[in-house]
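The values are calculated or read from the model by the stated rules, or taken from the named source; none is laboratory data. Remember, it's a predicted structure, so these values are computed and weren't measured experimentally. Here the Cβ positions follow ideal geometry from the backbone for every residue, glycine too, while neighbour counts run over all protein chains shown. Only protein heavy atoms, including side chains, enter the accessible area calculation; ligands, DNA and RNA are left aside. Shrake-Rupley method; radii C 1.70, N 1.55, O 1.52, S 1.80 Å.
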Amino acid sequence: MIFTRIALAPALCLFALVAPAAAEKLSLAQLSQYLNTLGTVSADFVQTNDDGSKSNGVLTIKRPGRMRLEYAASNDLVLTAGGQVAVFDAGSNEPPMRFPLSKTPLNVILKNNVNLDQARMVVSHTEENGDTVVRAQDPSHPEYGSIDLIFSDTPILKAWIVHDDTGGSTTIRLTKMRLGGAVSDAKFNIGAEANRRGTPLE
C-alpha cells in the first residue's frame, strides 16, 4: 500500500556529517521557531520503507497544512491539504485513499503553530553525530504514532522518520532543499487532482 510506504501511510535518515567534538543539541524553542518560519519548501527526497525498498521524487511543502510528494518512477502522489492526506495510486482506477491529517504524525510539522515545548509532545530529544533528533507525537493522541525530526546544527531539517499506528516506519531523506518562491494552491487541490486522473472523489 502506498500510504504505508510514504509515511503513515504518512521521515529523516541522516547524511553522514562529521560533528564537532563538543556538539550540543539545539533547544526545542530554536527548532520550533525554525519550523514556524518555513513557508514554502521544495526538496528532492529519497524514501526508505520497512522492507528496505527505496523510491525518490520531489517534495513540496506550503505551510500550514499543505504537502505534495511526487514519486518520480511511478506517478504515485501524496497530497496533504484541507486537513486531509490523499494517496493517489497510479496503478489503480479507484479514488485516492484519504485520511485525516490530524490523525497522522505529519500533523506535528504541518500545523500552523509548531510548539515542541508543549507538554508531552516530545518523547525524546538527543544529539547524534552533530545532529539534533527529536521524537514528537500528538500529546493528546500518542496512539496516532510519532515522528523523528532530524536537524543539522544550522538548523536545517534533513530527514524525518514516521512511526505509524501499525508499528511500521518510513524514512524520508531530503536533499537540495530550496526555500521560498511562489507555489500555487492548485498544486495541493485533492479534488482537482482526482478529477484530472479520472478517479473523482466519492
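Odds and ends about this structure:
- A cut-off under 9 angstrom between Cβ atoms defines the neighbours of Val58, and their net charge, with Lys, Arg +1 and Asp, Glu -1, is -1.
- Fraction of the pair-distance distribution of segment 108-168 above 13 Å, Cα-Cα pairs, percent: 63
- Computed over segment 143-202, Kirkwood Rh from alpha-carbon pairs, angstrom: 14.7
- Whole-percent carbon and sulfur share, accessible surface of the chain, 1.4 Å: 50
- Cα extents for the chain along the principal axes, largest to smallest and rounded to whole angstrom: 55, 36, 34.
- Our summary of shape: the Cα atoms of segment 24-63 have principal axis extents of 35, 26, 13 Å, ordered from largest down, in whole angstrom.
- Rg to Rh quotient for segment 71-178, alpha carbon positions, Kirkwood Rh: 0.99
- Candidate aspartates and glutamates - alpha carbon under 13 Å from Lys176, same-chain residues fewer than 8 apart omitted: Asp44
- Taking the three principal axes of the alpha carbon atoms in segment 82-139, the coordinate ranges are 45, 26, 16 Å, sorted in descending order.
- Mean ellipticity per residue at 222 nm, deg cm²/dmol - from DSSP H runs of n ≥ 4 across the chain, formula -39500 (n - 2.57): -3000 deg cm²/dmol
- Take the Kirkwood radius over Cα pairs of segment 37-116, plug it into Stokes-Einstein at 4 °C and 1.567 mPa s, and you get 96 µm²/s for translational diffusion.
- Charge tally in the Cβ shell below 13 Å around Gly181, where Lys, Arg are +1 and Asp, Glu are -1, Gly181 excluded: +3
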